[in-house]
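What follows is one structure encoded as structure tokens, with my remarks underneath.
The values are calculated or read from the model by the stated rules, or taken from the named source; none is laboratory data. Computed from a prediction, not measured in an experiment: that's the story for all the values here. Here the Cβ positions follow ideal geometry from the backbone for every residue, glycine too, while neighbour counts run over all protein chains shown. Side chains are part of the model used for accessible areas, which takes the heavy atoms of the whole protein and leaves out ligands, DNA and RNA. Shrake-Rupley method; radii C 1.70, N 1.55, O 1.52, S 1.80 Å.
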Amino acid sequence: ATPARAAAKRCDWHGPLSGGEKPYAKCVDFASMEGKTIALPKNVTRIAADGISFCVPPTPTTGAGDADIVFIYDNSGSMTADAFYVGPGGDTAFYYLDGNSNCSRNTVLGTPLVNTKTGPVAMIQFASNTGCNSAAGDPYNARGTVIKAGIDFLGQTSPTSTGAAISFNEDIKYLQPPVLMNATGVAAVKASITLDTNGGTSYGPPLRKAKEWFGDATLMKTKKKAIIFISDGAPHDNYNDVLTDDMPPIFSIYLSKANTRDTANLKELADETGGTFTRVNSNDPAAIEALLKSIISTITKNTLPKSATISNKTQSPPQISRSTGVTANPDGSAGMQLDSIIGLKEGPNQIEISLVREDNTTLNYHFTMNVSAGEIGSSSGNYTCWDMPTLAAIDKKTNLPVEIYAPNNNAYDLKLTRSPSELKNVTVTAASTDDDKESISLTTLNNNLGFPTQTGGFSYNPAEGDPGLNNGILEVDDHGDFTFNWFHPRDARENVTFVLPGRIIPVISGDPTLKIQKPVTEGVTFDPVKIPNQVIVLDAKDRCIVNCKGTESFHGDGGAPTWNITIKSPFRFSCKVFDNFGQFVSNSEGELSAKEWGALGKNGDSAVVHFKIVPVSKDGQQLGTGAYLMMTTISALGDEVTKNSAGETIIVKNAKREYLRKFGYVRK
């Protein structure tokens with residue numbers, strides 16, 4: 001009944017999205033934007049509620065930001081490497097042999113020494129990796145050296161933090177309770193780090209021990225607590241009893257060259273406690289060390305923001321959104337979840353951000369977002385783009401959309417499809433041609449498609465001519481239309497209008513006939529440049545409205561074969577002409593626009609136009625006497641709301657018809 005979805009897209013602005021398994025909005029340096037104007041595409045209509053992250057200084061500071069950190073590292077048998085295979089391009093894959101693997105059946109090329117962080121290790125080299133599914137978690141024994149480097153880093157940057165360490169396989173071993181990160185404490189924790197890989201994998205014992213330490217006031221020295229958890233595989237035990245609300249954030253590091261199903265448990269540790277999950281290539285010790293130091297910096301920084309308020313002063317009244325929580329991003333930035341989107345008008349928008357940091361100092365940023373640049377059509381960089389919203393009336397029995405309302409029915413579901421935001425229940429306004437006005441609540445929210453759809457029922461009475469306002473029933477006398485409108489309460493540019501009519505009319509009716517008229521020219525050659533199209537369209541009074549240039553001599557009665565067409569909407573056409581030998585003569589295309597359609601004189605729902613074939617070939621030669629064949633395709637631009645001569649709203653439907661007609665032409 002109305003366009004299913006507008007062609008243009010509307011977009012959200014946010015921080016640039018990261019890659020990886022769990023994308024997040026990377027930080028924006030708002031300090032550098034102070035007092036400046038930032039240009040945005042004009043179809044960006046809002047600041048996203050989940051797309052703001054604040055950068056923090058690159059160097060961690062000491063003081064209130066220090067933390068109690070427990071390092072937990074995997075010492076199970078899968079961490080070590082027994083064999084390796086060098087693939088195409090020199091890519092090396094390492095494996096541990098658990099006795100049950102078909103991997104050991106591969107041809108052995110030798111047992112060379114492989115240099116690891118702890119010295120050379122003898123490993124089997126296979127000629128093939130067929131059956132090798134047990135990837136080694138730490139083939140270069142990097143985790144021990146990396147953790148020691150991380151402990152040194154913690155002692156250098158935050159010496160009043162505490163550090164502790166636990167190794168685990170099926171149980172826990174090499175425990176070092178929390179100690180201050182002065183020189184003595186750093187040495188003690190580093191000395192406890194021991195690698196002796198064997199046995200299975202159990203997460204519960206080390207997590208319970210760490211939680212026990214966190215509950216001991218004699219061991220804890222700061223307000224911040226965190227766990228850095230390093231492993232390569234899924235556990236064999238149940239540890240859900242540990243993941244309670246008082247469990248500190250767990251920053252999990254997954255050692256692996258690629259994603260595997262073992263990521264789920266480590267990701268769960270981070271997701272359930274508010275930490276982070278990161279996979280790092282186990283073959284790259286330098287990357288593991290860089291990641292560990294980045295996580296330590298994230299934990300210990302005392303300048304992380306703790307809340308933010310964002311305002312668009314240009315909106316009337318000003319729109320204000322406040323943060324509801326802070327998330328530590330893998331890049332060390334602070335991600336803010338806002339309580340609502342911030343709508344952006346087209347043109348300049350005065351934005352103000354008030355940021356409160358953990359030390360209760362406040363920073364204020366002021367800048368302009370000028371929403372005026374060319375539109376974009378897809379998501380990229382700082383923008384995520386969505387289709388404009390749609391509304392549809394759904395038959396409750398078939399669960400399918402309806403094009404017109406049925407006079408023997410009295411209720412439908414109204415379905416809104418929109419882009420994501422914080423909205424829960426929404427309200428659609430409805431009106432009838434009898435001036436009835438109702439509000440429809442859409443309370444059923446579904447996000448299964450990756451974007452929200454919301455549904456709610458509405459009732460109507462097609463026979464009532466005396467409407468009662470706000471009585472919950474849409475009332476209209478006979479065939480009038482129902483019109484539904486919705487817009488986002490904070491983003492008026494996300495909006496949709498849906499018309500549900502009582503009737504639909506076709507666009508092209510009947511089979512038009514080609515009327516032969518007398519020519520007025522004789523043996524003339526025309527300049528093809530001056531007649532670029534061989535088909536022109538005139539209104540009922542013979543005024544040219546389409547493809548008029550250079551065709552003035554053919555506008556009156558006679559002079560060209562004429563096809564009178566009854567139309568009921570704008571249309572596009574393509575017309576080819578062939579002679580009686582099948583030789584191509586000419587081709588023409590054109591369009592009668594919605595504006596031109598609106599200006600036509602109409603009889604009821606319809607208008608008549610003259611479709612004239614200029615008797616000139618594509619080379620500019622006037623047609624000679626003979627028979628010709630016309631092949632024409634007309635595509636009526638339906639699914640549009642139009643009005644008939646009585647001013648009644650009509651919904652016309654898309655139509656495409658092809659016509660094949662013979663006509664004769666006589667040249668004087």
task: Could you pull out the trypsin sites (Lys or Arg not before Pro) across the range 207-236 that fall in loop regions by DSSP (anything but H, G, I, E, B) with no more than 15 other Cβ atoms inside 10 Å?
output: Lys223
field: For the chain, calculated [θ]222 nm from helices alone, where every DSSP H run of n ≥ 4 adds -39500 (n - 2.57)
entry: -3000 deg cm²/dmol
task: For Ser379, list long-range residues whose amide hydrogen, built 1.01 Å from N in the peptide plane, is under 5 Å from its own amide hydrogen.
output: Cys385
field: Charge dipole of the chain about the Cα centre (unit charges at C-beta), most positive-ward option of Met123, His555, Gln350
entry: His555
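Could you work out the per residue convex hull volume over the alpha carbons of the range 311-402, in cubic angstrom?
Looking at the range 311-402, the number lands at 208 Å³ per residue.
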- prompt: Val585's amide H: which non-local residues (gap 5+, or another chain) put their own amide H closer than 5 Å, with H modeled 1.01 Å from N in plane and none for Pro or chain starts?
  reply: Val577, Phe578, Asp579
- prompt: Which value in nm describes the separation of the simple spin-label points at Lys618 and Val499, placed 7 Å from the Cα toward the beta carbon?
  reply: 4.0 nm
message: Across the chain, what fraction of all alpha-carbon pairs, as a whole percent, falls in each successive 10 Å bin from zero upward?
response: 3, 12, 15, 14, 14, 13, 10, 9, 6, 3, 0, 0
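With an 8 Å Cα cut-off and a minimum separation of 6 or more residues, compute the relative contact order for the range 367-460 in percent. Walk me through the numbers on the way to the answer.
On the way: 137 pairs, mean separation 22.2, N = 94.
That works out to 24 percent.
For the chain, what is the charge dipole size about the Cα centre, in debye to the nearest 20, if Lys and Arg each add +1 at the Cβ and Asp and Glu each add -1 at the Cβ? The partial results should precede the final answer.
Values: 62 positive and 70 negative charges, 343 e Å.
Around 1640 debye, computed over the chain.
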query: Using modelled amide H (1.01 Å from N, peptide plane; none on Pro or chain starts), what sits under 5 Å from the amide H of Tyr460, excluding residues fewer than 5 places away?
result: Ala411, Leu474
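Roughly to the nearest percent, how much of the accessible area of the chain is carbon and sulfur, given a 1.4 Å probe?
Numbers: 14920 of 29920 Å².
Carbon and sulfur atoms account for 50 percent of the accessible area of the chain.
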statement: Quick calc, Thr566 & Thr443: beta-carbon distance into FRET formula, R0 60 Å, rounding 0.05, result 0.85
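What full-extension length gain, to one decimal in nm, is calculated for Val608 and Gln156 as 0.36 nm per residue of separation minus the Cα-Cα distance? Can you show the working numbers first?
Values: separation 452, 0.36 × 452 = 162.72 nm, distance 8.63 nm.
Stretched out fully, the Val608 to Gln156 stretch lengthens by 154.1 nm.
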From phi via Karplus (6.51, -1.76, 1.60), per-residue ³J(HN,Hα) for the range 186-197 in Hz, x at Gly/Pro: 4, 4, 5, 5, 4, 5, 7, 6, 9, 10, 9, 5
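Whole number in Å², please: accessible area per residue of the chain, 1.4 Å probe, ligands, DNA and RNA not counted. Intermediate values should be presented prior to the final figure.
On the way: 29920 Å² over 668 residues.
With the other protein chains kept in place, the chain gives 45 Å² per residue.
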query: Could you give the length gained on full extension between Asp579 and Asp339, defined as 0.36 nm per residue of separation minus the Cα-Cα distance, in nm?
result: 79.4 nm
task: Please work through the chain and write down the cysteines that have no neighbouring cysteine Cβ at a distance under 4.7 Å.
output: Cys575
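Out of the range 96-171, which chymotrypsin sites (Phe, Trp or Tyr not before Pro) are coil in DSSP terms and have no more than 14 other C-beta atoms within 10 Å?
Details: sites: Tyr96, Phe126, Tyr140, Phe153, Phe168; in loops: Tyr96, Tyr140.
Sites meeting the loop and neighbour criteria: none at all.
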message: Run the paramagnetic zone check for Lys313: 7 angstrom along Cα to Cβ, then residues of the range 336-373 with backbone nitrogen under 13 Å.
response: 349-354, 364-369
field: Extension reserve of the Glu352-Ala31 stretch, reckoned as 0.36 nm per residue once the Cα distance is removed
entry: 114.4 nm
statement: Gly137 neighbourhood, Cβ < 9 Å, K/R = +1, D/E = -1, net charge -2
